[in-house]
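Down below is the structure, laid out as structure tokens.
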Amino acid sequence: MNRSFLHKKIYWFAVILMICVFSSSFRVPGNKAGTLKLTFVNTANGKVISLRDSLYENAFGEIYSISKLKYYISNVLIPGSGQLPENDAYHLISAADAVNSFEITMNAGNYKKVKFLLGVDSARNCSGAQTGALDPTNDMFWTWNTGYIIFKLEGTSTASNADLNRIEHHIGGYKGVNNVATSIDFNFDLPFSIKENGVTELVIEMNLDHYWKNASEIKISESPMWMTMGGMAKKIASNFGGLFSVMQVKTIN
């Protein structure tokens with residue numbers, strides 16, 4: 001047999017083997033699959049956020065209302081789960097929606113870690129026209145150069161010195177030192193279970209109280225308006241890691 005031909009056969013066999021191994025790492029056997037449902041609940045002052053008709057108070061005694069609250073959750077990872085890739089790994093959470101949930105198919109078993117990104121990774125910021133949650137018509141996109149707003153908060157406050165007492169925080173930036181996308185990791189002391197053909201729900205709280213005071217102090221009286229990269233966006237993003245906690249783990253069926 002021609003040596004060159006033999007080498008080619010070995011090469012393509014190796015390539016096919018690698019593809020099969022890679023594919024199988026994402027394959028969930030039908031008789032062992034279960035579902036993880038992630039539900040996000042937005043709160044402030046110990047209650048679910050209601051747009052426009054409720055008042056809230058931050059750690060500095062500043063009273064405010066909320067007219068818009070939206071943010072991106074993406075790239076959910078449950079280590080060791082063999083989860084199937086999502087059709088769309090980018091989810092826009094909005095306080096205007098009655099329910100903010102999505103599901104992931106994965107191997108049945110017990111798991112102690114869940115990770116996700118608050119924001120949009122740099123690859124998708126640079127991918128041109130988008131659809132679904134990343135569609136520019138969702139009013140969460142600046143320009144091709146500056147990318148996506150990953151966290152948007154709008155409202156009013158008597159502490160604001162802006163016209164009409166406005167609060168407008170549009171937080172974004174994905175390049176270099178201006179990158180504000182934040183990895184959120186949950187490590188469970190007791191593992192949660194995914195049952196075969198069952199659904200387990202993680203109810204995750206986004207507590208806006210920690211937006212104003214955590215690693216940094218954000219006062220409405222000092223910064224009611226911010227709609228660009230850098231500066232205050234980086235300071236606000238330093239608080240993102242403390243926004244989320246698991247409220248409840250529920251076995252639905």
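Here is a yes/no grid of residues against (1) more than 15 Å from Ala237 (Cβ to Cβ); (2) of a type outside the set (Ser, Thr, Tyr); (3) touching a residue at least 60 places away in the same chain (Cβ under 8 Å); (4) open to solvent by less than 30 Å² (accessible area, probe 1.4 Å):
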residue: Leu92; (1), (2), (3), (4): yes, yes, no, no
residue: Ser101; (1), (2), (3), (4): yes, no, yes, no
residue: Asn107; (1), (2), (3), (4): yes, yes, yes, no
residue: Gly173; (1), (2), (3), (4): no, yes, yes, yes
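Restricting the range 120-160 to residues that are part of a helix (DSSP H, G or I), in contact (Cβ under 8 Å) with a residue 40 or more places away in the chain and of a type in the set (S, T, N, Q) leaves a set whose member that is nearest to Tyr56 (Cα to Cα) is Asn138.
With respect to the conditions (1) open to solvent by less than 40 Å² (accessible area, probe 1.4 Å); (2) of a type outside the set (A, V, I, L, M, F, W, C); (3) touching a Phe, Trp or Tyr at 6+ places or on another chain (Cβ under 9 Å), Glu154 lacks only one, and its number is (3).
Taking the conditions (1) farther than 30 Å from Arg124 by Cα; (2) modelled with pLDDT of 95 or more; (3) of a type outside the set (Asp, Glu); (4) open to solvent by 20 Å² or more (accessible area, probe 1.4 Å) in turn, Lys250 satisfies each one other than (2).
Here are some residues: Val114, Val41. Which one is open to solvent by 30 Å² or more (accessible area, probe 1.4 Å), within 23 Å of Thr182 (Cα to Cα) and at pLDDT 95 or above? Let's see the steps before the verdict.
Working: Val114 fails: open to solvent by 30 Å² or more (accessible area, probe 1.4 Å).
Selected residue: Val41, the only one of Val114, Val41 that is open to solvent by 30 Å² or more (accessible area, probe 1.4 Å), within 23 Å of Thr182 (Cα to Cα) and at pLDDT 95 or above.
Between Met229, Met225, Met206, which is under 19 Å from Ile149 (Cα atoms), hydrophobic (A, V, I, L, M, F, W, C), open to solvent by 10 Å² or more (accessible area, probe 1.4 Å) and under 20 Å from the mean Cα position of the chain (by Cα)? None of the others qualify; the one that does is Met229.
Evaluate the following for Glu222: is it among the charged types (D, E, K, R), at pLDDT 95 or above, out of contact with any Cys (no Cβ under 6 Å at 6 or more places or on another chain) and not in a strand (DSSP E or B)? Judged against the criteria, Glu222 is a match. Screening Asn31 against (1) modelled with pLDDT of 85 or more; (2) within 19 Å of Gly198 (Cα to Cα); (3) among the polar types (S, T, N, Q) leaves a single unmet condition, (1). Residues in the range 209-220 that are open to solvent by 50 Å² or more (accessible area, probe 1.4 Å) and more than 13 Å from Phe151 (Cβ to Cβ): Lys213, Asn214, Ala215, Glu217, Lys219.
Please indicate, with yes or no, whether at least one residue in the range 194-203 is open to solvent by less than 30 Å² (accessible area, probe 1.4 Å) and within 20 Å of Gly241 (Cβ to Cβ). Yes, that holds for at least one residue.
For every residue, the table says whether it meets (1) aliphatic (A, V, I, L, M); (2) surrounded by 20 or more Cβ atoms within 10 Å (Cβ to Cβ); (3) within 17 Å of the chain's Cα centre (by Cα).
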{"residue": "Glu57", "(1), (2), (3)": "no, no, no"}
{"residue": "Gly61", "(1), (2), (3)": "no, no, no"}
{"residue": "Tyr71", "(1), (2), (3)": "no, yes, yes"}
{"residue": "Ala95", "(1), (2), (3)": "yes, yes, yes"}
{"residue": "Asn110", "(1), (2), (3)": "no, no, no"}
{"residue": "Asn125", "(1), (2), (3)": "no, yes, yes"}
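The values are calculated or read from the model by the stated rules, or taken from the named source; none is laboratory data. These numbers come from a predicted model, not from an experiment. Ideal geometry is used to build each Cβ from the backbone, glycine not excepted, and the neighbour counts take in all protein chains shown. Side chains included, ligands, DNA and RNA excluded: accessible areas come from the protein's heavy atoms. Shrake-Rupley method; radii C 1.70, N 1.55, O 1.52, S 1.80 Å.
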